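**Student:** The structure that follows is given in the form of structure tokens.
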Amino acid sequence: MAEHSAARDLVEAISRGFEEFEPPPVPVFPDGPLGWPGYDDQLARAAERSGAGESVLCGRGRVGSAEAVLVAFDFAFLGGSVGIAAGARIVAAFEQARDLRLPVISLVASGGSRMQEGICALRQLQAIARACVLTRQERVPHITVLRNPTTGGMWAALSAAADVVLASPGAAVAFGGSRVRHPSDTGAAFSAEGKFADGQVDRVVDDAELPEVLADLVSLLHPQRSVRPPDPAPVPPALTAGALPGSGWEAVQRARAEDRPRARAYLDAYFASRFEISGDRAGGRDDGMICGFGDHEGRTVAFAAQTGTANTPAGFRTAARLVRLADQLGIPVLTLVDTPGAANDAAAEQGGVGPAIAEVFAAVAEARVPITTLVIGEGGSGGALALAAPERTWITSDAYFAVIAPESSAAILKRDPADAPELAGLLRLRPQDLLELGFVAGIAY
């Protein structure tokens with residue numbers, strides 16, 4: 001008879017036709033591997049109280065239009081803690097996902113490793129981390145949902161390693177749980193919202209929205225949807241029609257025009273639906289870099305789009321994360337270039353803007369999937385070039401690309417600022433110049 005537990009209620013709210021996997025066999029010891037006094041009685045009481053046979057429930061079900069493997073924690077069973085049996089269930093579920101080529105959805109609510117099993121419980125983190133790595137290597141996506149609370153090893157070894165990280169509003173999320181960290185360490189930094197602000201969570205999702213959001217993600221990232229090797233993403237058509245600029249300075253002015261279509265307008269026109277990832281997983285977010293996955297004419301395309309601002313280190317690291325994830329999953333990439341250049345203030349330097357840009361250059365250079373680039377506005381120096389695909393870059397008629405902005409060129413060359421228009425011409429930064437010089441493959445109309 002199926003158990004009636006919070007974990008089962010959760011998976012049945014998210015999926016249809018859920019079927020639990022047979023739990024793998026594990027060694028059985030009186031009172032556990034440490035002989036912890038009264039541990040067997042604790043397990044019996046936990047099962048009676050929660051209605052669950054262990055702290056984690058694993059199986060497969062249909063999420064939206066496609067199947068997925070689900071790993072759901074039950075906090076009512078010894079605080080969702082993981083010991084030998086729970087760890088074996090999680091590892092086996094990831095093995096099933098690889099064999100079946102189904103995405104993994106982990107629904108985590110856990111206090112970490114089980115004290116009563118000591119080091120035998122702690123070592124499960126290594127096995128779980130390896131299962132995540134092997135699954136990633138097989139290009140099978142892992143989506144996690146941080147529920148209340150997600151702390152300790154399950155945050156570090158399972159959820160933080162996921163490709164997409166969602167979180168429940170108000171959930172406590174931290175490596176150190178509230179009982180083990182200093183009493184003064186409270187506040188937003190230890191919450192789902194704080195983790196989102198710090199770039200460690202992609203989206204905070206209400207329970208009512210969760211089934212639809214997961215269904216969209218499973219549809220977009222499902223391994224059976226990708227093609228090996230994928231065709232390049234088509235070049236988006238330009239959203240403005242006009243003659244090519246007559247001068248370099250005119251090209252610059254048109255690219256800087258406030259009423260010119262920006263990245264979100266292009267994304268809205270290109271994708272029927274999309275999911276945006278957020279943050280660099282290292283403590284930062286940049287609203288000037290929009291990254292994610294979308295449905296373009298029935299196929300999934302990843303995107304990294306600049307919005308016209310000077311991007312921060314977090315923005316570049318997020319773009320690199322997006323390109324690497326798309327490459328891992330076998331999904332083609334579209335990049336939209338529009339930036340006056342990378343941020344160059346003290347905060348950017350302290351945040352490692354140089355290494356962050358290097359990450360994007362490397363991710364683009366290493367990508368096995370095709371990358372398509374459209375320059376839709378300003379193409380300012382290395383901060384723009386990092387996102388540009390060699391030999392697959394196009395440009396609109398109201399955009400430019402230059403080694404540096406004309407004003408900065410005047411400063412470097414010790415010229416009068418009034419010489420910027422002349423230098424714009426000498427830089428040959430117009431779309432037609434870039435086509436003639438072989439930098440772009442074409443002009444989009």
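**Student:** Keeping to the stretch 215-229, report how many residues are out of contact with any helix residue (DSSP H, G or I) (no Cβ under 9 Å at 6 or more places or on another chain) and part of a loop (DSSP other than H, G, I, E, B).
**Tutor:** 4
**Student:** Still on this model: Taking the stated definitions as given, is Ala386 of a type outside the set (D, E, K, R), surrounded by 18 or more Cβ atoms within 10 Å (Cβ to Cβ) and out of contact with any Leu (no Cβ under 9 Å at 6 or more places or on another chain)?
**Tutor:** So Ala386 passes the test.
**Student:** Identify the residue in the stretch 238-259 that is in a loop (DSSP other than H, G, I, E, B) and modelled with pLDDT of 95 or more and, among all such residues, is surrounded by the most Cβ atoms within 10 Å (Cβ to Cβ).
**Tutor:** Among those that are in a loop (DSSP other than H, G, I, E, B) and modelled with pLDDT of 95 or more, it is Pro245.
**Student:** So which residues in the stretch 280-320 are among the small types (Gly, Ala, Ser), within 12 Å of Gly199 (Cα to Cα) and modelled with pLDDT of 95 or more, if there are any at all?
**Tutor:** Listed by number, the residues that qualify are Ala314, Gly315.
**Student:** What's the total number of residues in the stretch 108-118 that are in a strand (DSSP E or B) and either without any contact (Cβ under 8 Å) to a residue 12 or more places away in the chain or polar (S, T, N, Q) (or both)?
**Tutor:** Count: 2.
**Student:** Mind checking which residues of the stretch 8-59 are over 30 Å from Leu102 (Cα atoms) and assigned to a helix (DSSP H, G or I)?
**Tutor:** Tyr39, Asp40, Asp41, Gln42, Leu43, Ala44, Arg45, Ala46, Glu48, Arg49
**Student:** Further, regarding this structure: Out of everything in the stretch 60-107 that is more than 22 Å from the chain's Cα centre (by Cα), in a strand (DSSP E or B) and of a type outside the set (Gly, Ala, Ser), what residue ends up being surrounded by the fewest Cβ atoms within 10 Å (Cβ to Cβ)?
**Tutor:** Arg62
**Student:** Test of understanding: among Pro27, Pro33, which residue is at pLDDT below 95, touching a Pro at 6+ places or on another chain (Cβ under 8 Å) and not β-branched (Val, Ile, Thr)?
**Tutor:** The match here is Pro27.
**Student:** Anything in the stretch 157-167 that is surrounded by fewer than 23 Cβ atoms within 10 Å (Cβ to Cβ), more than 24 Å from Arg368 (Cα to Cα) and without any contact (Cβ under 8 Å) to a residue 40 or more places away in the chain? List them, or say none.
**Tutor:** Across the stretch 157-167, there are no qualifying residues.
**Student:** Only one of these is over 14 Å from Arg285 (Cβ atoms), assigned to a helix (DSSP H, G or I), touching a residue at least 60 places away in the same chain (Cβ under 8 Å) and assigned by TED's automatic domain parsing to the domain that holds Arg264: Leu336, Leu325. Name it.
**Tutor:** Selected residue: Leu325, the only one of Leu336, Leu325 that is over 14 Å from Arg285 (Cβ atoms), assigned to a helix (DSSP H, G or I), touching a residue at least 60 places away in the same chain (Cβ under 8 Å) and assigned by TED's automatic domain parsing to the domain that holds Arg264.
**Student:** Given the options Arg415, Arg428, name the one that is farther than 26 Å from Asp286 by Cβ, outside any helix (DSSP H, G or I) and in contact with a Ser or Thr (Cβ under 9 Å, 6 or more places away or on another chain).
**Tutor:** The unique qualifying residue is Arg415.
**Student:** Okay, moving on. Considering the stretch 134-156 alone, what residues qualify as being of a type in the set (A, V, I, L, M, F, W, C) and either surrounded by fewer than 24 Cβ atoms within 10 Å (Cβ to Cβ) or within 15 Å of the chain's Cα centre (by Cα) (or both)?
**Tutor:** Leu134, Val140, Ile143, Val145, Leu146, Ala156
**Student:** Checking Gly35 against (1) touching a strand residue (DSSP E or B) at 6+ places or on another chain (Cβ under 7 Å); (2) at positive phi, which single condition isn't satisfied?
**Tutor:** Evaluating Gly35 over (1) touching a strand residue (DSSP E or B) at 6+ places or on another chain (Cβ under 7 Å); (2) at positive phi leaves (1) as the failure.
**Student:** If you don't mind, another one. Between residues in the stretch 241-254 that are touching a residue at least 40 places away in the same chain (Cβ under 8 Å) and residues that are among the polar types (S, T, N, Q), which pairs lie under 6 Å by C-beta distance while being six or more apart or on different chains?
**Tutor:** Cβ pairs passing all conditions: Gly242/Ser397; Leu244/Ser397; Leu244/Gln432.
**Student:** Name the residue that is surrounded by the most Cβ atoms within 10 Å (Cβ to Cβ), counting only residues in the stretch 405-435 that are farther than 12 Å from Trp249 by Cβ and either of a type in the set (Asp, Glu) or outside the structural domain of Ser247 (by TED's automatic domain parsing) (or both).
**Tutor:** The qualifying residue surrounded by the most Cβ atoms within 10 Å (Cβ to Cβ) is Asp433.
**Student:** Quick one: which of Glu54, Glu22, Glu12 is of a type in the set (Asp, Glu) and surrounded by 17 or more Cβ atoms within 10 Å (Cβ to Cβ)?
**Tutor:** Answer to the selection: Glu54.
**Student:** Right, next: List the number of the failed condition for Met115; all other conditions in (1) farther than 23 Å from Ala68 by Cα; (2) at pLDDT 95 or above; (3) under 25 Å from the mean Cα position of the chain (by Cα) hold.
**Tutor:** So Met115 meets the others, but not (3).
Let's see how each residue does on (1) within 26 Å of Ala420 (Cβ to Cβ); (2) in the same structural domain as Val375 (by TED's automatic domain parsing); (3) within 16 Å of the chain's Cα centre (by Cα):
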{"position": "Asp231", "(1), (2), (3)": "no, yes, no"}
{"position": "Val235", "(1), (2), (3)": "no, yes, no"}
{"position": "Glu250", "(1), (2), (3)": "yes, yes, no"}
{"position": "Ala255", "(1), (2), (3)": "yes, yes, no"}
{"position": "Tyr270", "(1), (2), (3)": "no, yes, no"}
{"position": "Asp280", "(1), (2), (3)": "no, yes, yes"}
{"position": "Gly284", "(1), (2), (3)": "no, yes, yes"}
{"position": "Ala305", "(1), (2), (3)": "no, yes, yes"}
{"position": "Ala319", "(1), (2), (3)": "no, yes, yes"}
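The values are calculated or read from the model by the stated rules, or taken from the named source; none is laboratory data. Computed from a predicted structure; not experimentally measured. Every residue, glycine as well, gets a Cβ built from its backbone with ideal geometry; the counts of neighbours run over all protein chains shown.
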